[in-house]
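Written out below as structure tokens is the structure these notes cover.
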Number of protein chains: 2
Amino acid sequence: MLLGEYAVLHGKHALLCAIDKRMVVTLTPRSDDQVILESALGQLTTRLSKLNSVPPFQFVLTALQTLKKYLTQGCTIKIESEFSATMGFASSAAVTVATLSALLTWLNLPYSELELIRLARKVVRQVQGLGSGADVAACVLGGIVFYRAHPLCATQLPGSPLITVIYSGHKTPTVNAVQQVTEKFASHPKLFKQLCQAIHYCALDGMQAVLQQNWQALGDVMTIQQGLMDALGVNTPIMREIIYSLRQQPAILGAKISGSGLGDCVVALGKGKIENLATSTIPVQIAQRGVYCEKN
Amino acid sequence: MLLGEYAVLHGKHALLCAIDKRMVVTLTPRSDDQVILESALGQLTTRLSKLNSVPPFQFVLTALQTLKKYLTQGCTIKIESEFSATMGFASSAAVTVATLSALLTWLNLPYSELELIRLARKVVRQVQGLGSGADVAACVLGGIVFYRAHPLCATQLPGSPLITVIYSGHKTPTVNAVQQVTEKFASHPKLFKQLCQAIHYCALDGMQAVLQQNWQALGDVMTIQQGLMDALGVNTPIMREIIYSLRQQPAILGAKISGSGLGDCVVALGKGKIENLATSTIPVQIAQRGVYCEKN
């Protein structure tokens, strides 16, 4: 997420990008009604008639449930990921989009990108209770994406600036971070609304910067939004250190928390590195291509 | 300044407090038309007919100019300060308020607190080009003050919580800090407006907290506004260190930059201390009493 956290949950715009870490879902049709799921997280065998959403396959199982009326035979679904589910790289969104895309392609059901976004967002929300759908949109479209949940707006913007992603070594689930912020601001509702409104304008100004391919302006707005993340209380000492260490580097145009905060990743515009901190620099680039299917 | 920086320059509310560091202005009437000014900063001898505003006595001289039509004889004005003019303790506001108050009392001109605030604010703005007048209001009223420039609102609120003030060792003049922020946000006018609006709500929520004598709530809002100061880009590495060091202390309820930032003081709610940093902890308390005159 480049810009727009929290505000995007309240109907505001966000700006985010897809990265070149892929989730590969391979669907093999079966002649019986068995559904077999395999991933590094485990294996599950069930039947079409018994598609209960259970960990660690909630997203895949809920995707299957959603399209159940079209399913007349079982399948084996193998999930391979280039990144860990703990790193907050929207693995839930990615596996949901990939699974739905594979199923729709297998079933020869035509769909537009916006329809796939709506469907995947519904699955994610069903599983985790909330979700702006912004990460889903990035998985579907690829590149830099300008997103709003309702009325749905999801557009790929031009450009592919260099980015740096540093994992802080710890992640608070989005739902918990959002919950903590909600509690913190329960007695400051108008102030919270203003902070979201300011973050919204960060996303709008960031979008303009991208359209102008003005990466310094985009970095500046990212740095401004980081102050707002601080105001929301979702910064941590280690993330602060990462952010300030990055900002001191000449190639870095801006740096902030990516996502709901209280851990997870820092995203910076430009190429930087962190030394002497127990963190992981994750080599990533913006992936111009979103989800795609290869049918044999 | 407890809450409301920057926004107060745009017609929004601010919350601030007077501290127990006094500026003493002693006015002795003269039988001739000479005006003699004395302070630790220097000495100046002039005449009633030649009251040009020159450093280091711009504020005193402009105050004299403002009341010139009432002056029929000269005077000696001696200025003694318990604090350094470099520390951003609103020395300009204090000397202006004290001088005007001494002059009005000497001249037997009746005045209300609001009239004194208006008059002193006019002098400060004439000298330095801008000024919300919030510091002037705190000097006049004392205690915790809820302030808005226009329509003028200046009220003392009840309560006297403990505060900690740490000087960062360096100060950027307010006018320069404001200028830097203005330039930074020249291309983000709506975002700047939203940030000010959010700071405005910090001041409003802070005022409510004071009325409820809920010091934890006041501290929380101060911490929230610090994020907004970060968003405005007026934080510095040393201030960041002071703020985070203070926040780790159990007796501290909240901490932020006091004033326009890029140096100057950090203000915290509660009693804390800083070690191992080249900074000065300035022992202060909130002064319940504002300006007052003793006439011999």
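The values are calculated or read from the model by the stated rules, or taken from the named source; none is laboratory data. Source: prediction; values computed, not measured. Here the Cβ positions follow ideal geometry from the backbone for every residue, glycine too, while neighbour counts run over all protein chains shown.
Just a few scattered comments:
- Of the set (1) away from every other protein chain (no Cβ under 14 Å); (2) on the phi < 0 side of the Ramachandran plot; (3) buried (at least 20 other Cβ atoms within 10 Å of the Cβ), all apply to A:PHE192 but (1).
- Hey, A:ILE252 within 11 Å of another protein chain (Cβ to nearest Cβ), on the phi < 0 side of the Ramachandran plot and at pLDDT 95 or above or not: no
- B:GLU115 more than 30 Å from B:ILE199 (Cα to Cα) and among the charged types (D, E, K, R): no
- Cβ-Cβ under 6 Å pairs, at least 6 apart or on other chains, region B:137-164 side at negative phi and of a type outside the set (Gly, Ala, Ser), far side in a strand (DSSP E or B) and surrounded by fewer than 24 Cβ atoms within 10 Å (Cβ to Cβ): B:LEU141/B:GLN156; B:ILE144/B:LEU157; B:VAL145/B:GLN156; B:PHE146/B:THR155; B:PHE146/B:LEU157; B:TYR147/B:ALA154
- Of the criteria (1) more than 23 Å from the chain's Cα centre (by Cα); (2) hydroxyl-bearing (Ser, Thr, Tyr); (3) under 26 Å from B:GLY142 (Cα atoms), which one B:THR96 fails: (1)
- Counted residues, region A:197-206 - those being more than 7 Å from every other protein chain (Cβ to nearest Cβ) and surrounded by fewer than 23 Cβ atoms within 10 Å (Cβ to Cβ): 1
- Number of positions in region A:211-237 that are crowded, with 22+ Cβ neighbours inside 10 Å, hydrophobic (A, V, I, L, M, F, W, C) and touching a strand residue (DSSP E or B) at 6+ places or on another chain (Cβ under 8 Å): 5
- Scanning region A:126-133 turns up one or more residues that are out of contact with any strand residue (DSSP E or B) (no Cβ under 9 Å at 6 or more places or on another chain), surrounded by fewer than 19 Cβ atoms within 10 Å (Cβ to Cβ), at pLDDT below 95 and not in a helix (DSSP H, G or I).
- Any helices (runs of 4 or more DSSP H) falling wholly within region A:177-266 and containing at least 2 residues that are among the polar types (S, T, N, Q): A:189-211, A:215-232
- Among the conditions (1) touching a Gly at 6+ places or on another chain (Cβ under 8 Å); (2) within 16 Å of B:ALA94 (Cα to Cα); (3) not assigned by the TED database to the domain that holds B:ASP230, B:HIS150 misses just one, which is (2).
- When the criteria are applied in full, A:GLN212 fails the requirement of being within 14 Å of chain B (Cβ to nearest Cβ) and more than 27 Å from A:GLY142 (Cβ to Cβ).
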